[in-house]
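The values are calculated or read from the model by the stated rules, or taken from the named source; none is laboratory data. No experiment lies behind these values; they were computed from the predicted model shown. As a convention, Cβ positions derive from the backbone with ideal geometry for all residues, glycine included, and neighbour counts pool all protein chains shown.
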Amino acid sequence: MKDLLKRYFGYDEFRPMQEEIVNHIVKGNDCFVLMPTGGGKSLCYQLPALKLDGLTLVVSPLIALMKDQVDALKTCGVSAEFINSSLSPKQIAEIFNKLRKNLVKILYVAPERFSLPSFQEFLKTLPVSLVAVDEAHCISEWGHDFRPDYRHLSRLKYLFPKTPLVALTATATAKVREDIASQLQLGGARVFISSFDRKNLHVRVIEKKQAFQKLSAILQKYRHDPVIIYCFSRKETEDIARQLRSQRFKAKAYHAGLSTKDRNAAQELFIKDEINIIVATIAFGMGIDKPDVRLVVHYTYPKTLEGYYQEIGRAGRDGLPSECVLFYTYADTRKHEFFIDQIRDDESRERSRQKLQEVMNYAKLSTCRKKYLLSYFGEELAQGSCGACDICQAKSATASEAGKPDSPAEFDATAAARMVLAAAALLENRFGQSHVIDVLLGKKLKKIKYHGHNRLSVYGIAAGQSEKQLSHVAGQLIDLGYLVKSEGRFPTLSITKTGMVFLQGKETLALPNPGNEEKIEKLVQAKIKKTTLGYNEELFEMLRVLRKELADKAQVPPFVIFNNVSLQEMARYFPRTNEEFARINGVGAMKLKQFGKTFLKAINNFLKENNIERVNIPKN
Ligand code: ADP
Ligand code: ZN
């Protein structure tokens, strides 16, 4: 299997779970694969397809993606085809012919096509040795992306009772999972769940003040790299895109109000690296599979954590370090509430409100953000610090700076801590952190009035103080064990015995200072640099241009030729011969044959011109 992995895809190692899954499938077993976006799901059926005799049938809902996927496979030397409504009858007839002659290894079809009885009859005449259902959550009405045509897929097991069936998805709650298994008759199938912790994603939250200046400062560092900026409204996407263009950024808006033609054009420009910034509503994303998105910005905070996790998941699919920046201000809450208030059904309106609250809680955290996100999705993060969120970064920086004379590492938090503890106690340990703080700040909120909390002695005693600072204090009090946060989706704060002793005593409390935004940004950049392979940037840029030329000629997206990992390795190890070039990650037999000569020539010229010494590529 490793041999096939290198020969066709040029990869030396499997990603977590891939090897087990692949082996399980080639032995003829069904399975259910749950992996985060970017985890490498496609390989789980593509590699068995190459090993098994006969045809692998892949059902995928995204017509826009099929072509890219098939182009990518063809470039790796795999005979793949797709059938969907974008093809003419003549083109489809040609593919049918190829299928009859067993000239196709992997066939992608849209679910609409599969639902045609005549097509099913045709499939039955083919030697199908594996069936894969991608984005399997689309089969469930409980999911967020139900496609009625997916319902027909429950016939798969009748049509191919002895053929291994694999269902794959990145998003499935327990309920959706059961639904998928029962509809596809995967009851006894083994379930593979990989961790949803995307270690290469660096997440941070910044205050939405002078937002555009902050945004444009961040983007300066991403002049050549793909960026997605999520906005709240169509108008906002247009405004931001226009402002960015006036600062010479290559940005385009993308939203559902544009014509299909304009939308496709924007997407195409982005995928082909003609522009590097897409300013979008959440309408953008499902149809794209660009592996090298380096930054995802939420310019307005999103309405659910599910959506947020999916959107940031579009960064760094190639495994290279990437950034996710969320702009947060309480003021944006009104934008969301306006829509939530219009939901007629009481229950679903309340649910939307709670979901929004969860995002706000996330934005105001003073403990590890990844830990919070993962536990929200039911996974425990083992270690104490993720090392890839702003909170953990700030903490480790404070710890290492403590003791230096000119950086006040701590501040006197006695008064603030007493306020937070007293409020938690007075609220009888029944409310969440943000409510506790809202009461202290004396906010005029419906919820506060409803419970009569505006009559409490602590109401408004911290008026005028920074909300962020109070959240920071609350988080530290949890870390210290003065407060506990209950488990579950709507955690409440309760004061502990130690907290009570402190509240009633006369001790003072010093807490570590929260790092400021610029400091954190620098730390993140430094960390990203440290985890990135060192390489010659000039050569990398040259190779990037070369890749673009080849891609345009072949009419495929640049990443189909080589991904950034491959280019970075070339710009680090300077391969000079075919044999050395073959050792680069992502160079399989077919790509070596097709592109080896061109790239080697460019690299050798560069080395000669710059008098660069040879570097030995480590043997795997
Ligand atoms: P998913 O469908 O789970 O979102 P993909 O199958 O699109 O993920 O894979 C994401 C990226 O990771 C692709 O660019 C793919 O080529 C790459 N990839 C997958 N498996 C490996 C591997 N074993 N080594 C290196 N890169 C891999
Ligand atoms: Zn963290």
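Matching residues to (1) out of contact with any Leu (no Cβ under 9 Å at 6 or more places or on another chain); (2) among the β-branched types (V, I, T):
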{"residue": "A266", "(1), (2)": "no, no"}
{"residue": "L269", "(1), (2)": "yes, no"}
{"residue": "I278", "(1), (2)": "no, yes"}
{"residue": "F284", "(1), (2)": "yes, no"}
{"residue": "R294", "(1), (2)": "no, no"}
{"residue": "E311", "(1), (2)": "yes, no"}
{"residue": "G316", "(1), (2)": "no, no"}
{"residue": "F327", "(1), (2)": "no, no"}
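Identification of helices (runs of 4 or more DSSP H) wholly contained in the stretch 448-548 with 2 or more residues that are hydrophobic (A, V, I, L, M, F, W, C), at pLDDT below 90 and surrounded by 15 or more Cβ atoms within 10 Å (Cβ to Cβ) yields 467-480, 517-531. Once the stretch 384-428 is narrowed to residues that are at pLDDT 75 or above and exposed (fewer than 12 other Cβ atoms within 10 Å of the Cβ), the residue that is farthest from ligand 2 (Cβ to nearest atom) is E428.
Return yes when A315 is touching an Asp or Glu at 6+ places or on another chain (Cβ under 9 Å), part of a strand (DSSP E or B) and aliphatic (A, V, I, L, M) and no when it is not. It is false that A315 is touching an Asp or Glu at 6+ places or on another chain (Cβ under 9 Å), part of a strand (DSSP E or B) and aliphatic (A, V, I, L, M). Scanning the stretch 359-377 for residues that are part of a helix (DSSP H, G or I) and either within 16 Å of ligand 1 (Cβ to nearest atom) or free of Cβ contacts under 8 Å to residues at least 40 places away in the same chain (or both), we see that the one that is surrounded by the most Cβ atoms within 10 Å (Cβ to Cβ) is K371.
Take the residues in the stretch 135-170 that are in contact with a Pro (Cβ under 9 Å, 6 or more places away or on another chain), of a type outside the set (D, E) and under 16 Å from E306 (Cα atoms); name whichever of them is modelled with the lowest pLDDT. My answer is A170. Considering (1) under 39 Å from the mean Cα position of the chain (by Cα); (2) within 20 Å of I495 (Cβ to Cβ); (3) of a type in the set (S, T, Y), the lone condition that S457 does not fulfil carries the number (1). From the list Q342, Q310, the lone residue that is part of a helix (DSSP H, G or I) and not basic (K, R) is Q310. With respect to the conditions (1) in a loop (DSSP other than H, G, I, E, B); (2) within 15 Å of ligand 2 (Cβ to nearest atom); (3) of a type outside the set (S, T, Y); (4) modelled with pLDDT of 85 or more, E380 lacks only one, and its number is (4).
Residue-level analysis places E579 outside the set of residues that are acidic (D, E), surrounded by 20 or more Cβ atoms within 10 Å (Cβ to Cβ) and more than 30 Å from F411 (Cα to Cα). Taking R7 as the residue in question, decide whether it is part of a loop (DSSP other than H, G, I, E, B), surrounded by fewer than 19 Cβ atoms within 10 Å (Cβ to Cβ) and more than 16 Å from ligand 2 (Cβ to nearest atom). Judged against the criteria, R7 is not a match.
Annotation: E323 fulfils all but one of (1) assigned to a loop (DSSP other than H, G, I, E, B); (2) touching a strand residue (DSSP E or B) at 6+ places or on another chain (Cβ under 9 Å); the unmet one is (1).
When K74 is tested against (1) of a type outside the set (A, V, I, L, M); (2) within 16 Å of ligand 1 (Cβ to nearest atom); (3) in contact (Cβ under 8 Å) with a residue 40 or more places away in the chain, just one condition goes unmet, and that condition is (3).
Specify which of the listed residues (Q393, Q354, Q383, Q342) is under 11 Å from D197 (Cβ atoms) and more than 16 Å from ligand 1 (Cβ to nearest atom). Give the steps one after another, and end with the answer.
Values: Q393 fails: under 11 Å from D197 (Cβ atoms); Q354 fails: under 11 Å from D197 (Cβ atoms); Q342 fails: under 11 Å from D197 (Cβ atoms).
Going through Q393, Q354, Q383, Q342 in turn, just one is under 11 Å from D197 (Cβ atoms) and more than 16 Å from ligand 1 (Cβ to nearest atom): Q383.
Determine if the stretch 338-346 includes at least one residue that is surrounded by 20 or more Cβ atoms within 10 Å (Cβ to Cβ) and in contact with a Lys or Arg (Cβ under 7 Å, 6 or more places away or on another chain). Within the stretch 338-346 (the criterion being surrounded by 20 or more Cβ atoms within 10 Å (Cβ to Cβ) and in contact with a Lys or Arg (Cβ under 7 Å, 6 or more places away or on another chain)), the answer is no, since none of the residues qualifies.
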